[in-house]
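This report refers to the structure that appears directly beneath it.
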Amino acid sequence: MTDHLSYAKSLVSEMKNRNPGFDGLSHMVLEAGAVLQVSRYVKENGLGPSIIVADANTYEACGKILEEQFAAEGLEARLCLLKPDKQGDVVADEQSIMQLFIEAEPARTGSLIAAGSGTIHDITRFVSHRTGKPFVSVPTAPSVDGFTSLGAPVIVRGVKQTFPAAAPIAIFADLDILSSAPQPLVAAGFGDMLGKYTSLFDWKFSALAGDEPYNDQVAMITERALEACVRHVGAIGERSEEGIRILMTALIESGIAMLLFGQSHPASGAEHHLSHYWEMEYLRLGRRALLHGAKVGVACGEISQLYHDAVDKGIFPGAEPKEWSALRDRAREWLDQVPAKEEIARLLKQAGGPSSISELGVDQALLESSLREAHTLRNRCTLLRILNEARAQ
């Protein structure tokens with residue numbers, strides 16, 4: 001069988017060679033039936049007793065299978081079924097984290113199994129980091145690139161913050177389960193990858209304008225993963241096995257790029273800041289959550305238009321930034337790699353997801369306030385921050 005993750009595995013090997021103390025992500029599987037290998041891996045590595053972390057939907061998708069497999073191996077595996085909030089959403093917040101903390105008694109817990117998508121992984125990786133108990137990733141949808149992340153975005157008192165967290169020691173991505181994921185979740189994964197267009201621009205820009213750290217090799221890893229998704233958007237939109245495999249591989253590689261760099265810069269720029277801002281506002285209003293990747297994809301289009309207007313046309317939301325003459329030419333060079341808003345919308349539509357704020361459900365007033373204020377959510381020198389600081393002068 002072809003090893004679809006050979007490139008990702010080579011990246012992890014390189015990481016271990018450069019940092020002998022790194023002991024995360026020792027095992028990666030992307031194939032049909034991967035979920036059936038989890039219990040054996042836990043048994044062979046002496047990682048029991050385990051806690052299977054899931055919600056009602058992901059329990060049906062793979063949690064139940066995991067329970068059966070652990071029982072067949074004679075392993076103890078307790079279930080932590082995360083509870084939804086009043087709107088019916090499971091959220092990575094204080095309540096969900098405390099629910100898992102209470103379950104993860106040190107003397108009774110050897111490992112955690114994240115059976116789900118982005119939110120469940122964020123909750124699990126946070127608790128894994130704070131308890132020192134390793135966790136295994138079992139994705140149920142190719143919806144985010146954070147499966148292997150070292151950071152956990154968590155809502156604390158209504159504000160989204162990113163905390164240090166643990167990477168999984170192993171990932172078992174089952175193509176049968178992933179291919180059965182609802183189309184909105186598949187499209188969200190594509191949207192999360194498409195957001196790399198603007199995050200990569202912002203990363204380069206932040207190194208120039210804010211002297212923030214940058215790494216060409218890591219950027220190339222992210223670009224490679226992004227280009228693979230764009231080339232195969234048709235197959236991803238059709239949810240073919242090949243399309244799902246390509247998307248999931250790209251999401252894992254993007255996550256490994258963040259692992260290599262040690263921060264989220266390769267995969268998160270102003271488009272993610274807009275997404276976080278919208279999420280916090282929806283929570284404040286008591287509205288149902290929007291899928292992370294769906295928000296990121298649409299936000300990428302809005303940021304692309306703002307940036308192209310500023311760089312290509314000299315149309316600024318306020319005054320021209322004072323330092324603009326020293327930044328403009330390089331910004332124009334990098335922005336040539338970022339498609340126009342219309343092309344981003346076309347790709348999102350082809351993947352089967354929302355392609356505009358109206359389709360997503362974000363109104364014009366929220367968009368405008370996020371474009372003015374979302375840069376304050378992260379201490380990053382994005383072009384959005386530079387434009388808004390000039391607006392405030």
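Listed values, structure above:
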{"read-out": "Residue match in segment 262-276 (condition: open to solvent by 20 Å² or more (accessible area, probe 1.4 Å), more than 13 Å from residue 199 (Cβ to Cβ) and in contact with a helix residue (DSSP H, G or I) (Cβ under 7 Å, 6 or more places away or on another chain))", "value": "no"}
{"read-out": "Failed item in (1) assigned to a strand (DSSP E or B); (2) touching a residue at least 12 places away in the same chain (Cβ under 8 Å), with residue 161 passing the rest", "value": "(2)"}
{"read-out": "Residue in segment 359-377 that is modelled with pLDDT under 95, assigned to a helix (DSSP H, G or I), open to solvent by less than 50 Å² (accessible area, probe 1.4 Å) and touching a helix residue (DSSP H, G or I) at 6+ places or on another chain (Cβ under 6 Å) present", "value": "yes"}
{"read-out": "Qualifying residues in segment 67-125 (those that are in a loop (DSSP other than H, G, I, E, B) and among the hydroxyl-bearing types (Ser, Thr, Tyr)) - the one surrounded by the most Cβ atoms within 10 Å (Cβ to Cβ)", "value": "117"}
{"read-out": "Selected residue [under 19 Å from residue 290 (Cβ atoms), touching a residue at least 24 places away in the same chain (Cβ under 8 Å) and touching a strand residue (DSSP E or B) at 6+ places or on another chain (Cβ under 9 Å)] from 127, 90, 136", "value": "90"}
{"read-out": "Residue check for residue 279: of a type in the set (Asp, Glu), touching a residue at least 60 places away in the same chain (Cβ under 8 Å) and within 25 Å of residue 154 (Cβ to Cβ)", "value": "yes"}
{"read-out": "Residue in segment 64-83 that is more than 23 Å from the chain's Cα centre (by Cα) and β-branched (Val, Ile, Thr) present", "value": "yes"}
{"read-out": "Conditions (1) loosely packed, with under 15 Cβ neighbours inside 10 Å; (2) touching a helix residue (DSSP H, G or I) at 6+ places or on another chain (Cβ under 7 Å); (3) of a type in the set (Lys, Arg); number of the one not met by residue 391", "value": "(2)"}
{"read-out": "Test for residue 36: is it over 21 Å from residue 146 (Cα atoms) and either in a loop (DSSP other than H, G, I, E, B) or of a type in the set (Asp, Glu) (or both)", "value": "no"}
{"read-out": "Some residue of segment 355-367 being free of Cβ contacts under 8 Å to residues at least 24 places away in the same chain, aliphatic (A, V, I, L, M) and over 23 Å from residue 161 (Cβ atoms)", "value": "yes"}
{"read-out": "Residue satisfying condition, being touching an Asp or Glu at 6+ places or on another chain (Cβ under 9 Å) and open to solvent by less than 30 Å² (accessible area, probe 1.4 Å), within set 171, 155", "value": "155"}
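Results for (1) open to solvent by 40 Å² or more (accessible area, probe 1.4 Å); (2) in a helix (DSSP H, G or I); (3) touching a strand residue (DSSP E or B) at 6+ places or on another chain (Cβ under 6 Å), shown as yes or no for each residue.
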{"residue": "295", "(1), (2), (3)": "no, yes, no"}
{"residue": "300", "(1), (2), (3)": "no, yes, no"}
{"residue": "307", "(1), (2), (3)": "no, yes, no"}
{"residue": "310", "(1), (2), (3)": "no, yes, no"}
{"residue": "315", "(1), (2), (3)": "yes, no, no"}
{"residue": "318", "(1), (2), (3)": "no, no, no"}
{"residue": "334", "(1), (2), (3)": "no, yes, no"}
{"residue": "348", "(1), (2), (3)": "no, yes, no"}
{"residue": "352", "(1), (2), (3)": "yes, no, no"}
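One line per residue, one yes/no per condition, for (1) more than 17 Å from residue 201 (Cβ to Cβ); (2) in contact (Cβ under 8 Å) with a residue 12 or more places away in the chain; (3) in contact with a Lys or Arg (Cβ under 8 Å, 6 or more places away or on another chain):
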{"position": "315", "(1), (2), (3)": "yes, no, no"}
{"position": "345", "(1), (2), (3)": "yes, yes, no"}
{"position": "378", "(1), (2), (3)": "no, yes, no"}
{"position": "391", "(1), (2), (3)": "yes, yes, yes"}
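The values are calculated or read from the model by the stated rules, or taken from the named source; none is laboratory data. Bear in mind the structure is a predicted one, so any value in this text is a computation, not a measurement. Glycine also receives a Cβ, built like all others from the backbone with ideal geometry; neighbour counts cover every protein chain displayed. With ligands, DNA and RNA removed, areas are computed over all heavy atoms of the protein, side chains included. Shrake-Rupley method; radii C 1.70, N 1.55, O 1.52, S 1.80 Å.
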